[in-house]
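Chemist: Mind looking over this structure? Questions follow.
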Amino acid sequence: LRERLAVADYDELVARALKLASIPGSALAQALRGRYRHVLVDEFQDTDPLQLALVGLLGGEIFAVGDSSQAIYGFRGAARDALIRARAALAMTTLSLDESFRCPAVICELARGVWAKPPELHASIDRPGEVTFRRAASLRDEAAYIGEAVAKALAGGIPEPEIAAL
């Protein structure tokens, strides 16, 4: 149907671009050769093998930003080891970013506490507040807990913009 309608989805566009860019002497390969000195890829943990191969064909120095703990696209081929694969395939060097400029210390401490291998994570800002971590037995239990906690916070005088549920 897509062929008949002459349309393609994102994954098909990536696959087609990779196929054309991989042919030495193709118009796309020639257009890409030397075009970019630097390539920035954000959310790199969500790249799949085809995207990784395509990035490798762009040439230039690759700068990738990602956090394997935030990989959420496994259902479409992205893997938690995307950054490891990229280091090997693209000869990349890893620099750790272990300082948060938007989360206060209480959030960073909670984050370190829920990972099996806690990351180095430190806050540059500190704002007072309370953070509670709770595992719910069911969606209904989770919703009831959040509703009660928000109602209690509002009744205690905490303004709505200061309340968040993650």
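Chemist: Quick one: accessible area per residue over the chain, 1.4 Å probe, rounded to a whole number of Å²?
Modeler: 76
Chemist: Still on this model: For Thr94, what accessible area in Å² do you get when you roll a 1.4 Å probe over the heavy atoms of the protein chains, rounding to the nearest 10?
Modeler: 80
Chemist: I would also like to ask the following. Cα extents of region 35-102 along the three principal axes, largest first, in whole Å?
Modeler: The Cα atoms of region 35-102 stretch 35, 29, 19 Å along their principal axes.
Chemist: Based on the mean of other Cβ atoms within 10 Å per residue, sort peptides 53-60, 115-122, 155-162 so the most packed one is first.
Modeler: Going from most to least packed, we get 53-60, 115-122, 155-162.
Chemist: Measure off, as a whole percent, the carbon and sulfur share of the 1.4 Å-probe accessible area of the chain, all protein chains present.
Modeler: Answer for the chain: carbon and sulfur cover 57 percent of the accessible area.
Chemist: According to a simple spin-label model (label point 7 Å from Cα along Cα-to-Cβ), what is the distance in nm between His38 and Ala137?
Modeler: 5.4
Chemist: Return the calculated 222 nm mean residue ellipticity for the chain, to the nearest 500 deg cm²/dmol, obtained by summing -39500 (n - 2.57) across DSSP H runs with n ≥ 4 and dividing by the residue count.
Modeler: Here the helix-only value at 222 nm equals -11500 deg cm²/dmol.
Chemist: May I ask for log10 I(q)/I(0) of the chain at q = 0.09, 0.16, 0.20 Å⁻¹, from a Debye sum over the Cα atoms as equal point scatterers with solvent left out?
Modeler: Reported log10 I(q)/I(0), two decimals: -0.52, -1.03, -1.32.
Chemist: Still on this structure, please answer the following. Go ahead and set up a Gaussian network model of the chain, Cα springs under 10 Å, then flag whichever of Asp48, Asp98, Asp141 fluctuates most.
Modeler: Highest fluctuation among the options: Asp141.
Chemist: Right, another one. Under the Karplus relation 6.51 cos²θ - 1.76 cosθ + 1.60, θ = phi - 60°, what is the ordered set of whole-Hz ³J(HN,Hα) values for region 7-20, x standing for Gly and Pro?
Modeler: 3J(HN,Hα) across region 7-20, in whole Hz: 10, 9, 8, 4, 4, 5, 5, 5, 4, 5, 4, 5, 4, 5.
The values are calculated or read from the model by the stated rules, or taken from the named source; none is laboratory data. All figures in this text were calculated on a predicted structure; none of them were measured in a lab. Methodologically, a virtual Cβ is constructed for each residue, glycine included, from the backbone with ideal geometry; neighbour enumeration extends over all protein chains shown. Just the protein is used for accessible areas: all its heavy atoms, side chains included, with ligands, DNA and RNA removed. Shrake-Rupley method; radii C 1.70, N 1.55, O 1.52, S 1.80 Å.
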